[in-house]
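Take a look at the structure below.
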Amino acid sequence: MVNIEAILWYALLLDSLIANIVSFCCAKWYKKNYKKFYRYFPITKGWSSLYLILVLWVGYALLRLNILPW
């Protein structure tokens with residue numbers, strides 16, 4: 001049975017993966033097409049990598065607590 005923590009973690013994992021793909025592959029496209037949004041939320045490789053690492057760390061903790069159904 002999947003619980004709310006697992007669903008939220010999978011959503012954060014998907015978000016962090018998309019952020020990493022955009023920051024490493026499509027940063028110029030993001031800056032060009034989302035000018036006003038980019039001013040407040042710039043996407044950089046360092047922050048998106050840190051975000052992914054933190055999400056994976058929380059996932060590891062949830063896995064050790066037998067919350068994630070892997």
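The values are calculated or read from the model by the stated rules, or taken from the named source; none is laboratory data. Keep in mind the model is a prediction, meaning the values are calculated, not measured. Neighbour counts are summed over all protein chains in view; Cβ atoms, including those assigned to glycine, are modelled from backbone coordinates with ideal geometry. Only protein heavy atoms, including side chains, enter the accessible area calculation; ligands, DNA and RNA are left aside. Shrake-Rupley method; radii C 1.70, N 1.55, O 1.52, S 1.80 Å.
Quick notes
- Matching residues in region 7-26 - criterion: being touching a helix residue (DSSP H, G or I) at 6+ places or on another chain (Cβ under 8 Å) and among the small types (Gly, Ala, Ser): 16, 19, 23
- Every residue from region 21-46 that is hydrophobic (A, V, I, L, M, F, W, C) and surrounded by 14 or more Cβ atoms within 10 Å (Cβ to Cβ): 22, 27, 43
- For beta carbons closer than 7 Å, sequence separation of 6+ or different chains, a first residue in region 10-22 that is touching a residue at least 24 places away in the same chain (Cβ under 8 Å) and farther than 16 Å from residue 34 by Cα and a second that is of a type outside the set (A, V, I, L, M, F, W, C) and open to solvent by less than 60 Å² (accessible area, probe 1.4 Å), the qualifying pairs are 13/59; 20/48; 20/49.
- Residue satisfying condition, being open to solvent by 60 Å² or more (accessible area, probe 1.4 Å) and more than 10 Å from the chain's Cα centre (by Cα), within set 18, 7, 53: 7
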